[in-house]
Ligand code: HEM
């Protein structure tokens, strides 16, 4: 999976909004714009996960410890205050991503494709982003970055290995056509997530 989609990862990683964020050039509210878009995406992803918890195939990827909604609610309330719900709305790209996550809820491999792209990313590059946010902006736990903390998982490398083992097991059960279809969905997931960041960059640049 990683080999087939790492080129798509490179495009996501080099997206301009993240570069601005990592360079320390964004305000707290400009960072909050991304947190808000994450919130809508994870309400969808966590919601589909809950619905699929007992599914024989997709259920192997449902880990309540991964759910991000509560952490994102805390982050948004830190950044925007108690009326945060009135201050945020999903962007056009986020609405497209959310629609796709909901569309694949009845296709286990499609769901796993989106799950993998988000959560394994949050557990990998996301941890690097967390350290940079802490270093550059001074945001620590309870300070708007709880999204990046996965304390309930214990050792992240161990969890990631277990997750990859489950992906490999799933891969063995798929025929070539379904495997290709799943890889196409991961590529689409990268693209849709990258478009969310591109739109955020546009918002930030237009405001500047
Ligand atoms: C500053 C931006 C980013 C950096 C520095 C970064 C860095 C990394 C690194 C170093 C890994 C490999 C970790 C490992 O093998 O254990 C990784 C994995 C991953 N990243 Fe990112 N990343 C970034 C943005 C993103 C974005 C925007 C997405 C998608 C929305 C994403 C999705 C993933 C996924 C799914 C993996 C797991 C690949 C695998 O092991 O199968 N990353 N990232």
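The values are calculated or read from the model by the stated rules, or taken from the named source; none is laboratory data. Note that the structure is a prediction, hence the values are computed from the model and not measured. Here Cβ is always computed from backbone atoms with ideal geometry, including for glycine, and neighbour counts include all displayed protein chains.
Brief remarks follow.
- The listed residue being without any contact (Cβ under 8 Å) to a residue 60 or more places away in the chain and over 17 Å from the mean Cα position of the chain (by Cα), out of 58, 44: 58
- A single entry from 140, 171 fulfils the requirement of being within 13 Å of the ligand (Cβ to nearest atom) and at pLDDT below 95: 171.
- The residues in the stretch 106-129 that are more than 13 Å from the ligand (Cβ to nearest atom) and crowded, with 19+ Cβ neighbours inside 10 Å can be counted, and the count is 4.
- Neighbours by Cβ (under 6 Å, 6+ apart or cross-chain): first from the stretch 116-139, touching a residue at least 24 places away in the same chain (Cβ under 8 Å) and under 18 Å from residue 41 (Cα atoms); second in a helix (DSSP H, G or I) and away from the ligand (no atom under 11 Å from the Cβ): 119/66
- Helices (runs of 4 or more DSSP H) lying entirely in the stretch 42-113 (those with 2 or more residues that are closer than 18 Å to residue 190 by Cα): 92-103
- In summary, residue 151 fulfils each of the numbered conditions (1) away from the ligand (no atom under 11 Å from the Cβ); (2) touching a residue at least 60 places away in the same chain (Cβ under 8 Å) with the single exception of condition (2).
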